[in-house]
Amino acid sequence: MTVSKLRGRRSFLRNQVPFLLGRNYDRVAPSHVLNGFLCAAFGPNPSAKNIRVLLRNPDLLPEIPSIAASILEDPQHLSRFRQAMGVVLNADRRLFPSGGSVFPVSLGMVSQHLMDDGFGSEVWELACACDRNLSPRIRSFFGAPIHGDVLGQLGSVLCGDISACDPKHSRTKPPWDSELGATYARKLAALLSPAFAEAGGFAMRSSRLIALSSGCFAIGFLATLRSAEITHRRPKTWSDLSPMFVFGGMPPGRANDPATRLASKSFATVVAAQRDALREILVKRLKRRRVPASTPKTQYARVVVAGAFPDASDKDQELARDAVGRVQDAEKVADRLADALYPAGFLDRGFRRVGRKLGLAGPDRGFGSPRFLLETPALALLSAATVPPGNSIGFRDWLDEIFLRFGIILGPGQRTDCTALLAHLDTPGVVTSILRENQEALRRRMVRAGLAMEYSDGETEVVSPERRTD
Amino acid sequence: MPSKFPTIAAAAAEAAREALDKSRDGLARIELPIEIAIDEFISIVDPEDQIRIGLTDPFRSADPARKRLLSGNARQLTQWRNRPIATRRKNPLLILGEAAGREESGLRSFRNVITEGQILSAYSDSGNRWLSDHVEPKAPQRLFTALIVLAKQRKIDTIDLSSFASTVFRQPSKAHTAPQGQLFSLGLIPDSRAMDGASCKPRLDLNYSIVEMLRSSPDTRGEERQLARLDDAAESGNEVAIAARKFRATGNRKYLRGLELDAVRELLFKKPADPKGGSDGPSERPISLFDALDEGLQDPEAALARLGASWELDDESVKETLEIEGHLIGLDMSRRDASFAFPEEADQVLLSRREVGHSREDAREEGPGFLLNAATLADDQLGTTDISEATREFLGAREKLLHLDLWSDHALEILLLKPELYEAADAYLRSWLGLTDLVLSQREPAKCRAVREALALVDLDWEYEAEDRDALKYVAAEMYPIHPFVLSPLLLIARHARSSPNQKNLGQQLRWAFDRAIPAYPAIWCQRTSNLVHGSGSTRPRFAARVAYHRPEVSSTSGVLDLIVSYAGLYPFACSHLSLLFVDPPKGSGVPNALRAALRRSVVDDLSATVLTTAADAVDWVTLGHRTQYLGRQSQVRSWAEQTFIRANVAFFFLPARPGATESHHGRFEPSRGVHNYFTISAREPSLTGQLDVRDEFTPFVALQPRDSNEVVRRMMEIGRGSQDEDSFFEVQPMLTEDEEQEILALAPLCDWVVVAAPGPMGLVPPRRLGGGKLLYLGREDFGPFALFVYCGDLYAVRKRVEAELTEGPVWPVGTNVEEHLRRLALSVPNGVLRIGRSQGAVTVQVGLMAASHFAEHEPDGV
């Protein structure tokens, strides 16, 4: 039972490895992460409680002064009002009587809870460290509504004035200090840029909020996927990390498709690399802690765990001691702790579950081995984050850009030989063929989805969503 | 000196040449493998320098020896393409590569595009031609064909295959011995048994899967253990393990040289030393828990305990393979994400109610207070505290069923593997019985009405039609997996398994019972509204006032497999390839497992299945495996059958369950002792308002009544009984409709046997003949909750089989007489005729039965 109690506890490595996959990864959803992000930025708002009462507690009357008495006094009207508000504010049904998040059309709807498993605040710290102007931009994003901004007006009616919200103190350095880590953090932060694009205007608040929510969630997933490895290896280029090949065809892909197989292998490799990295970090921490030779065998675990993980709570330390037993070798202790914190299949399932909600991993449990893939909304997010508004970029150049920014391999590559990066996953000839086919399948998908344009001379360009809007 | 084995470049050139010869426009594009020998290709495809050759990506940077009529410039190529057709016929244009670059759009979509798959097919043809000309044994051809399939699946590299084949088939005299040892050059492990099987593909697939496992990161505990064994062996100096580990670390195939597939498998799947003296080693594939119980474990209790201890109920899923008593037993289960009865953020939910059409999230949930308030009210009126105490005990026991609810998709396995959950479920059921007993035994029932009504609603998700809130009209309900209707039969089955774990074929028994026993009764009763009838689902059964036609799920394999065996026995030509047609096969693992078992047990060498659906509740055809062809969804089987060209050996036509009803039934025969339910079959008098042709016919009806020992159902019936009215029982009319009969007759010309599968509770009263004698009844088998009724056009094959057996005996069988006796046998012994196909000795037994039946009929004294 000790194993299951320790599984996913973040307190052991939290101060060293950001974006650790937590114990309750099942709960993490885009609206929760956005809520946590805003909560970290501006703090919780007391009026959020009333929104929850309005939407999920039919037995209580919401204390929202702006709701007319004719609605509050008539049960039928109130019920219809609750349902109508539920459609707008709780469309993904991630709000529960005791926790959860609404679609935050106003900062007044932000509440404090644990449903984002800690991702929201970490995303805020990363984004804020990479963009000093983020706080004012978000404040203006949620600022006073102008004419035509229906959602903004609804938010201010329900929550009143939210000008009292103060931005919180945040980290000033990116979470990883290695060369690639710092760049990666900046590129991840750029995933929020589509939400702040000027062209949309306030009339597009809903789509911009969705972009903000997807951006936060994507930052959380892509960061957690690589965090341990980046922290441990301090890489300079993507070739220093395990290769992330993403299936480019129509998700989730047939099980016997070569590209699907390669994507599955890549997923397994990335997961194994994270687990190895976490174990190595544990080893380092434990070895750094010198234990006097005279320490009795029965006390070794207590001393080494307390010394190596002083930030862990007493309860976690006790669980860790139980898991370690009487082992006296640092590597063996690390093995046992790694087994207890991240047992076989835990990271695998976690990345799959979180990635599936974003559309970057899948398929759903029980439908085949996990793999990296790109659902169309995720593809749109990547294209919006990489192609400047109103511009376009050649398809193959865009693939290179995606690799250089996020380490995502989608084709053979022009500037980097991606075949070589994947060589250890299959025979080089097979990998070459798969990469070419994957690139072509993705190109066709993007053209069909309106994310790219194919010209009569055979050239394909990825276009920015803003240009399509115009 | 024999000619050389063809190369992939030669085969590609041949394919290109053929495409250009056939094309009228003199244009073709070929997608060559990237590392192909370009010079060789060009020299073969165009020895006379007449073809214009265009180089596009990835061959743009190639530097072939030939320089004339060759270009990598897209504009030049477009000019060549735009030449007059007469010029192009004289100097055709062949584009090499994908033509996906700038200004190459017009070069991409030629009418003739030769893909890598077509090149491999051409290579396969030329290679097999060479092998049949130069090599006498057929095994090398089989291996080569299987390798081509692997290359098409991108499991091995095309160019590697070409150089491999050129090397190993250099000397025809060694063509049957050289390839096995050289497999390493393809990234496979050398395998001396690669050519031993009737088909090389399974062995090569096994080889590839092991290489993949060595190359990949372990993603299950089983794989971790296997790789740990490899590491242990390497550390103890085992050379095979050292080489395999080097390959794993570097991916360099040179380390595979000198290995042997069986030796690597031995290392990975090595059975731990057995102190009692080993057996032959573990089987190749893990078997399921139920299959393991069928195999007859020596110490099943210890095996269950070990399997149960290998994972935690908190795990999200379990994918474990354990070696127990020489068997590899696999557990592959996953739990649901959330429990409706036990939400994470709130108290337990006893029931939920929502208006029809609303989603579950909008349902109004009732917590423990709902039942406690009713119990307190009853106690206040009766002046006792017993009911409240029993209610608290009930709620306390219910709280411990969270994991059972989460793992309900594998409820039976969980009850067998986790004793603590079995105990919790048992305690819950006992507390429910205690509470209901207390409520029903009160002398003043009116004072307990509220608690009785509340108990009838517990553990269900109700849907109601909008009326006055105080008088909801329930129209549908879905049971939670912990409802006594589900839990009670599950516990009984689990108890049987636990009490007699050494029984022969215990796994089959459990599957058989599971398919039939849940829910405990196909109807539920609720006050003041019409009663609801079982519609679909087993561990989460759904009941409704108006039930749509549906097909129950099946997990057992026996019936379909038995029929395949019978057919293959009676029609020996089908052993090499059996073709099956399934119309609306039911969900569940039954059909896919039966097909796999037929192949695994070598009943037939190969089989193919064609699936047609008319309803959404049929099996996901993908699960039937790659041998399946899906024809899509048709509204009418009859019109489809009249137009189709598809033919099959056996057609399975799965009928939906008859929509039953709860009717007042006189229940002439009192319930007997035993478990579960029993039937009363009765004939209704002719209806004066019925159709003209059936006005004189009695209509058979089957009523289902719970036995005395089916305590849960009896209690629920009493709780739901609003007055002193007569009890209503589930009732069904087990007759084929005219439309169904026409559809069956329409399938008859497409196949030898038509199998009509009718689901329970009683199945069907099978007609002796269909379509005025067009189809003859051959017998029946059971397939989970379905009864399979077999019909055929004539008895020729069966008669010949019987006559062949009788030729050595002192009898002179007359064809018409034999057929007449076979017809009688089909009616008197359910699967008598079908058994004739199953084994050599079966004919004698059935002939004996026919003779005994004949003599008994003509000489009643048994003389």
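Each value in this text was obtained by applying a stated rule to the coordinates, not by laboratory testing. What you see is a predicted model, and the numbers here were worked out from it, not measured in a lab. Cβ coordinates were reconstructed from backbone atoms using ideal geometry, including for glycine residues, and neighbour counts include every protein chain displayed.
Side notes on the structure shown:
- Average beta-carbon neighbours from other chains, 10 Å sphere, peptide B:104-113: 2
- Restricting the trypsin sites (Lys or Arg not before Pro) of region A:358-420 to loop positions (DSSP other than H, G, I, E, B) with no more than 13 neighbouring Cβ atoms within 10 Å leaves A:Arg415.
- Tensor-based shape of chain A (alpha-carbon gyration tensor, a/c under 1.5 rounded, otherwise prolate or oblate): oblate
- Note on B:Lys800: lysines with a C-alpha under 28 Å away, same-chain residues under 8 apart excluded, are B:Lys774.
- Relative contact order (%) - chain B, alpha-carbon pairs under 8 angstrom, separation at least six: 7
- The stretch between B:Lys246 and B:Ser43, if pulled fully straight at 0.36 nm per residue, gains 69.0 nm over its current Cα-Cα span.
- Cα gyration tensor shape of region B:419-470, rounded if a/c is under 1.5, else prolate or oblate by comparing a/b with b/c: oblate
- Peptide B:31-44 is shielded by partner chain Cβ atoms: per residue, an average of 1 of them sit within 10 Å of its Cβ.
- Note, ³J(HN,Hα) from phi for region A:449-458, Karplus 6.51, -1.76, 1.60, rounded to Hz, x at Gly and Pro: 7, x, 8, 9, 10, 9, 9, 5, 8, x
- Cα gyration tensor shape of the protein assembly as shown, rounded if a/c is under 1.5, else prolate or oblate by comparing a/b with b/c: oblate
- Under 16 Å from A:Lys173, Cα to Cα: aspartates and glutamates that are on another chain or at least 8 residues apart: A:Glu122, A:Glu125, A:Asp131
- Amide H within-cut-off set for B:Glu553, under 5 Å, with H built and near neighbours excluded: B:Gly537
- A cut-off of 5 Å between modelled amide H atoms, ignoring neighbours fewer than 5 places along the same chain, links B:Val475 with B:Glu463, B:Tyr464, B:Glu465.
- Computed E for B:Asp332/A:Arg93 - FRET, C-beta separation, R0 35 angstrom, nearest 0.05: 0.70
- Taken one residue at a time, the phi angles of region B:565-576 give Karplus couplings (6.51, -1.76, 1.60, θ = phi - 60°) of 4, 4, 5, 4, x, 7, 10, x, 4, 6, 5, 6 Hz. Gly and Pro are set to x.
- Pairwise FRET efficiency - B:Gln643 versus B:Arg498, Cβ, R0 = 35 Å, nearest 0.05: 0.05
- Residue pairs, from the table B:Lys152/B:Lys246; A:Lys265/B:Lys246; A:Lys297/B:Lys246; A:Lys265/A:Lys315; A:Lys265/A:Lys332, whose Cα atoms sit over 30 Å apart: A:Lys297/B:Lys246; A:Lys265/A:Lys315
- Shown is the FRET efficiency for B:Asn505 and B:Leu599, computed with R0 = 25 Å from the Cβ-Cβ distance and rounded to the nearest 0.05: 0.70.
- Close amide H pairs (under 5 Å, H built 1.01 Å from N) link B:Phe582 with B:Thr610, B:Val611, B:Leu612, B:Phe652, residues at least 5 positions away or on another chain.
- The phi-based Karplus calculation (6.51 cos²θ - 1.76 cosθ + 1.60; θ = phi - 60°) puts the 3J(HN,Hα) values of region B:137-142 at x, 8, 4, x, 4, 4 Hz, whole numbers, x for Gly and Pro.
- With Cα atoms, 0 to 90° folded angle of helix B:8-22 axis to chain B main axis: 90
- Only helices enter this figure: runs of n ≥ 4 DSSP H residues, each worth -39500 (n - 2.57), summed and divided by the residues of the protein assembly as shown, yield -14000 deg cm²/dmol at 222 nm to the nearest 500.
- Between A:Lys297 and A:Thr237, the modelled labels are 5.1 nm apart [label points 7 Å from Cα along Cα→Cβ].
- Region A:25-233 - percent relative contact order, Cα under 8 Å, separation 6 or more: 28
- Per-residue average of Cβ from other chains inside 10 Å of A:421-427: 5
- Extension gain, B:Arg392 back to B:Arg108 (0.36 nm per residue minus Cα-Cα distance, nm): 94.7 nm
- Model label sites at A:Lys173 and B:Ser192, defined 7 Å from Cα along the beta-carbon direction, differ in position by 6.2 nm.
- Between A:Arg80 and B:Asn128, the simple spin-label model (points 7 angstrom out along Cα→Cβ) gives 7.2 nm.
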